[in-house]
Amino acid sequence: MAINVRLPEDLDRRLDEIAAAEHTSKSSLLLQGAQLIVERHTRRHLVDSALHFVETHDAQLLKRLEDA
């Protein structure tokens, strides 16, 4: 899928500099950034789900620990 992205001039310039230093394209850098966002969101969702599981399945244990 192709998309157009409008970048502020300073961000575009920085991406040009980084792409040149990394010997890659701005498109590749933007793909890496998108992948990092997806991975971070996935990790956050997994952690939130795990916390919810503990809160719902171990509520009595957490209460006993709170009272200790």
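Below are the figures for this structure:
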{"read-out": "Theoretical gain in end-to-end length, Glu66 to Phe53 [0.36 nm per residue, Cα-Cα removed]", "value": "2.9 nm"}
{"read-out": "Rounded to the nearest 20 debye, dipole of the stretch 1-55 from Cβ charges on Lys, Arg, Asp, Glu", "value": "120"}
{"read-out": "Sulfur and carbon atoms: percent of accessible area, the chain [1.4 Å]", "value": "58"}
{"read-out": "Surface per residue (accessible, 1.4 Å probe) for the chain, Å²", "value": "94"}
{"read-out": "Vicinal HN-Hα couplings computed from phi for the stretch 15-23 (Karplus, 6.51 cos²θ - 1.76 cosθ + 1.60; Hz; Gly/Pro x)", "value": "5, 4, 5, 5, 4, 5, 5, 8, 6"}
{"read-out": "Sites His23 and Met1 - FRET efficiency at Förster radius 30 Å, r taken between beta-carbons, to 0.05", "value": "0.75"}
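The values are calculated or read from the model by the stated rules, or taken from the named source; none is laboratory data. Quantities reported herein were computed from a predicted structural model and do not represent experimental measurements. Neighbour counts run over all protein chains shown; Cβ positions are idealised from the backbone, glycine included. For the accessible areas, the whole protein counts, side chains as well, though only heavy atoms, and no ligand, DNA or RNA atoms are used. Shrake-Rupley method; radii C 1.70, N 1.55, O 1.52, S 1.80 Å.
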